[in-house]
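Participant: Dropping the structure in here first, questions after.
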Amino acid sequence: MSRLNNKHIILAISGGIAAYKSAELVRLLIKSGAQVQVVMTSGATEFITPLTLQALSGNPVHQHLLNPQAEAGMGHIQLARWADLLIIAPASANVMARIAQGQADDLLTTLCLATGAPVLLAPAMNQAMWRDQATQKNLQTLLARGIQVHGPAEGEQACGDIGAGRMLEPSQLLTALAAQFNQGLLAGKTVLITAGPTREAIDPVRYISNHSSGKMGYALALAARDQGAKVILISGPTQLEQPEDVIFVAVESAQDMLKASLKVGSTADYFIATAAVADYRPAQASEQKLKKHNPAHGLTLELLQNPDILATMSKQYPGAIHVGFAAETQDLIPHAQDKLKRKGAHMIIANDVSNTSIGFNSDNNQVSLVTSGGVEDLPLLSKQQLARQLIVAIKKISHKASIT
Ligand code: C5P
């Protein structure tokens, strides 16, 4: 269940072209189970209609501070008290300036003063306006007051300029909002997970891969998220739906997966390697589609060994807890113990894939947890149940390794 389930969110929209993205943010919040009240400044209504936001949020949009009708319903103080969180997205330069000054001349700024809930800003403006001294000074004032500022991102702007000023994407804002409700075993921790198969290109249309479904890795991502972690899921190609409230990085090859893991590895408290990484890749991926020639001749591919992502990560980031999987058809525990040492892992989760009712594409799994302290056998469980138990087990190792 999403951390945003049943949470009360006020989304305040100020005037800027990024206002159109706020409609998607409302949709994502509703999908996560949040209750959403939308506040719009008069500028915002020039960019997107209140009716759109009303339809998406399922609630009338609040536009005026002193509207007798609105005050008879959910008045501004009631609204301020109702909120678990107030996000202003997009936050224009003008709105930032007005909040910095403590103004209360419209509903949005009044709510900022009146609410006891955390306030988040997602600035969006022209890059020169963002860089301007006045905006930067306002930013410092807001930060010093405990207001959280997410973004802006760099890139091409609606006005044609390139630079910092784009509002973060709705999915990124959703992650930031969910993180405000961090509770659980892994609250405040970052969990990096690899999942799914990798694809190693032979030519533009062919590749070497395996049958990994990604189910175990995705289940772990959800279980870690539900325990309050910030989750980064680096996934090879799968048929699964991208989990919500999780930072998702799509990759193809083992080398891409390693690069993506190394890039964010310094932020991770836990690295869980569930991916079924292809052991080998073609030495040279052909730029053109390989053609059949003489039927008497086969095709010989030269294969190179792929880097071991888990072993590389444990060496590069020894401060994190490293967990791997071992799918074996024989001598399960000795092989897992060997992997534990060879890959520098704290735990190897071993499963016997000679039994086709568990592992790889199945919805269930039965594993043994192998650590330097011994072996613990778990019963047959669904991958979701197992994921929840594994998160608890992984958290226990971190105690032993004195990560708190
Ligand atoms: O060596 P083997 O493939 O059996 O090891 C399995 C474990 O190591 C899994 O956790 C898998 O994600 C990880 N691994 C890896 N990089 C590789 C091969 C495996 O991270 N190239």
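Participant: Identify all residues within region 270-289 that are open to solvent by 100 Å² or more (accessible area, probe 1.4 Å) and either of a type in the set (A, V, I, L, M) or more than 16 Å from the ligand (Cβ to nearest atom) (or both); write none if there are none.
Facilitator: The answer is GLN284, GLU287, GLN288, LYS289.
Participant: For a quick check of your reading: which helices (runs of 4 or more DSSP H) sit entirely within region 1-102 and have at least 2 residues that are over 28 Å from the mean Cα position of the chain (by Cα)?
Facilitator: Filter on region 1-102 gives 44-47, 50-57, 68-72, 76-82, 93-100.
Participant: State whether one or more residues within region 318-331 are part of a strand (DSSP E or B), in contact with a helix residue (DSSP H, G or I) (Cβ under 7 Å, 6 or more places away or on another chain), away from the ligand (no atom under 14 Å from the Cβ) and of a type in the set (A, V, I, L, M). If you could, list the steps in order and put the result at the bottom.
Facilitator: So the first thing to find is which residues in region 318-331 are part of a strand (DSSP E or B), and the list is 321-328.
Still in the running and in contact with a helix residue (DSSP H, G or I) (Cβ under 7 Å, 6 or more places away or on another chain): 321-324, 326, 328.
After this cut, where a residue has to be away from the ligand (no atom under 14 Å from the Cβ) as well, the list is none.
Looking for residues that are part of a strand (DSSP E or B), in contact with a helix residue (DSSP H, G or I) (Cβ under 7 Å, 6 or more places away or on another chain), away from the ligand (no atom under 14 Å from the Cβ) and of a type in the set (A, V, I, L, M), one finds none in region 318-331, hence no.
Participant: For region 357-369, state whether one or more residues are modelled with pLDDT under 95, loosely packed, with under 13 Cβ neighbours inside 10 Å, away from the ligand (no atom under 12 Å from the Cβ) and among the small types (Gly, Ala, Ser).
Facilitator: yes
Participant: A further question on this structure: When residues of region 280-315 are filtered for being assigned to a loop (DSSP other than H, G, I, E, B) and farther than 29 Å from SER398 by Cβ, how many remain?
Facilitator: Number of matching residues: 20.
The values are calculated or read from the model by the stated rules, or taken from the named source; none is laboratory data. Computed from a predicted structure; not experimentally measured. When we count neighbours, we look across all protein chains shown, and the Cβ atoms used for this are built from the backbone with ideal geometry, even at glycine. The area values use the complete protein model at the heavy-atom level, side chains included, leaving out ligands, DNA and RNA. Shrake-Rupley method; radii C 1.70, N 1.55, O 1.52, S 1.80 Å.
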